[in-house]
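Asker: First the structure, which I've put down as structure tokens, then a few questions once you've had a look.
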Amino acid sequence: MHVELADDLLESQDTRLGVLALIAFGQSERHQVVAEDFQAWRAWAEAQIQDRLVQDELLEALSDGESRAAIGPRRQSIRVSANGQGLTLSDAVTLLGYPLRVFLENGRNDRDFLLAFADVQQRPLLDTAAERGWLVFETAGGVNEIVARLIELKEEPFGRFRFYTVFDSDSRQPNALSHDAQRIKEALAEHHTLTPPAPAPLGDCLKRRAIENYLDLDAFIDWLESAIPNKQQAIHAAWKNKTPDAAWRRGQKTHALYAALALREVTDVEVWSCLDFSKGRGR
């Protein structure tokens, strides 16, 4: 989360511990913490904090927050202020202490999917956040349960700021969300109206039907062939001769390899996006 410290905090006599707590979140890189006027906060640090090492760490954390904000992705933002033009120090410390909860239909398999798609810069950051308890992947169950979670969050003064959800579109045809996916999107839209500030998305609907539709088919075929080395030639021959029964009789992995070879011939991305891979059916 991007956190801006308003200059009016400098006028309060009771800000030091709260400010140090917020800046500690920035120093650990859990959040981006920046000052409204860096030079004003430098003067405050020099006047209020006698320990030079603490001064340097405070200013380094604020400077680092500015640098990361300039080059990093857009984050949800809050402003911390003493005059009511943002969160109070106490509320900000509480809010930033909450983990970011990621609601998934399956907290184990869907988590692995999301991490697998992270790039080389994102992955270590996500791994670190999960190891330190800043990021928590939760199984929210099916669509009905995700909607129920979103309804419950409306009553949480802080938790409703600190969640994200990723869910299947279940599209049976291009650009057509299922009724259940549409319900989640509507619940998320309502959260945007109830929990300002919420400039960043609170969730994402997969553009394809489900996680399985993002499968790297060549990698899957390589894995299947390595799992059934004594049968792969027979399955390739069955596909070439269009004799699926020869594959179906040999077991689940041979069945999957035959189907994968057939899918490799499908070049229409829209078709790929809507196939029901999870059930092994084409529609």
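Asker: Which of the numbered conditions does G97 fail, given that it passes all the others? Conditions: (1) closer than 26 Å to H191 by Cα; (2) in contact with a helix residue (DSSP H, G or I) (Cβ under 6 Å, 6 or more places away or on another chain); (3) not charged (D, E, K, R).
Answerer: If we test G97 against (1) closer than 26 Å to H191 by Cα; (2) in contact with a helix residue (DSSP H, G or I) (Cβ under 6 Å, 6 or more places away or on another chain); (3) not charged (D, E, K, R), just (2) comes out false.
Asker: I need the helices (runs of 4 or more DSSP H) fully contained in the stretch 85-172, keeping only those with at least 3 residues that are over 16 Å from the mean Cα position of the chain (by Cα), closer than 30 Å to R183 by Cα and β-branched (V, I, T). Let's see the steps before the verdict.
Answerer: Values: elements: 89-97, 109-116, 122-131, 143-153.
In the stretch 85-172, the matching helices (runs of 4 or more DSSP H) lie at 143-153.
Asker: Now, a different point. Which of the following residues is under 21 Å from H31 (Cβ atoms), touching a residue at least 12 places away in the same chain (Cβ under 8 Å) and either of a type in the set (F, W, Y) or surrounded by fewer than 18 Cβ atoms within 10 Å (Cβ to Cβ) (or both): D180, D127? If you could, list the steps in order and put the result at the bottom.
Answerer: Working: D180 fails: under 21 Å from H31 (Cβ atoms).
Exactly one of D180, D127 is under 21 Å from H31 (Cβ atoms), touching a residue at least 12 places away in the same chain (Cβ under 8 Å) and either of a type in the set (F, W, Y) or surrounded by fewer than 18 Cβ atoms within 10 Å (Cβ to Cβ) (or both), namely D127.
Asker: Kindly provide the set of residues from the stretch 1-17 that are open to solvent by less than 20 Å² (accessible area, probe 1.4 Å) and at pLDDT below 90, ordered by number. Before you say what the answer is, go through the steps one by one.
Answerer: Quick first cut of the stretch 1-17, residues open to solvent by less than 20 Å² (accessible area, probe 1.4 Å) only: 1, 3, 5-6, 9, 15.
Within the stretch 1-17, M1, T15 qualify.
Asker: Let me ask something additional. Under the condition of being open to solvent by 50 Å² or more (accessible area, probe 1.4 Å) and in a helix (DSSP H, G or I), which residue from the stretch 233-243 is farthest from A259 (Cα to Cα)?
Answerer: Q233
Asker: While we're here: Need at least 1 residues that are closer than 29 Å to H192 by Cα and in contact (Cβ under 8 Å) with a residue 24 or more places away in the chain per element, so show me which helices (runs of 4 or more DSSP H) inside the stretch 13-79 make the cut, counting only ones lying wholly within it. If you could, list the steps in order and put the result at the bottom.
Answerer: Values: elements: 16-27, 38-48, 52-71.
The helices (runs of 4 or more DSSP H) meeting that bar are 16-27, 52-71.
Asker: Counting only residues that are modelled with pLDDT under 90 and among the polar types (S, T, N, Q), which one in the stretch 81-108 is most open to solvent (accessible area, probe 1.4 Å)?
Answerer: Among residues in the stretch 81-108 that are modelled with pLDDT under 90 and among the polar types (S, T, N, Q), the one most open to solvent (accessible area, probe 1.4 Å) is Q85.
Asker: Note down all Cβ pairs under 8 Å where the first residue falls in the stretch 147-160 and is closer than 14 Å to G203 by Cβ, the second is of a type in the set (A, V, I, L, M) and part of a loop (DSSP other than H, G, I, E, B), and they're at least six residues apart or on different chains.
Answerer: Once the first residue is closer than 14 Å to G203 by Cβ and sits in the stretch 147-160, its partners that are of a type in the set (A, V, I, L, M) and part of a loop (DSSP other than H, G, I, E, B) give R149/A140.
Asker: Taking K207 and the conditions (1) open to solvent by 70 Å² or more (accessible area, probe 1.4 Å); (2) more than 17 Å from the chain's Cα centre (by Cα); (3) modelled with pLDDT of 80 or more; (4) not hydrophobic (A, V, I, L, M, F, W, C), which numbered condition does it fall short on, given that it satisfies the others?
Answerer: Evaluating K207 over (1) open to solvent by 70 Å² or more (accessible area, probe 1.4 Å); (2) more than 17 Å from the chain's Cα centre (by Cα); (3) modelled with pLDDT of 80 or more; (4) not hydrophobic (A, V, I, L, M, F, W, C) leaves (2) as the failure.
Asker: So, one more: What number goes with the only condition from (1) closer than 29 Å to L135 by Cβ; (2) surrounded by 16 or more Cβ atoms within 10 Å (Cβ to Cβ); (3) among the small types (G, A, S) that S28 does not pass?
Answerer: Going through the list (1) closer than 29 Å to L135 by Cβ; (2) surrounded by 16 or more Cβ atoms within 10 Å (Cβ to Cβ); (3) among the small types (G, A, S), S28 breaks only (2).
The values are calculated or read from the model by the stated rules, or taken from the named source; none is laboratory data. Given the structure is predicted, the values throughout are model-derived calculations rather than measurements. Ideal geometry is used to build each Cβ from the backbone, glycine not excepted, and the neighbour counts take in all protein chains shown. Just the protein is used for accessible areas: all its heavy atoms, side chains included, with ligands, DNA and RNA removed. Shrake-Rupley method; radii C 1.70, N 1.55, O 1.52, S 1.80 Å.
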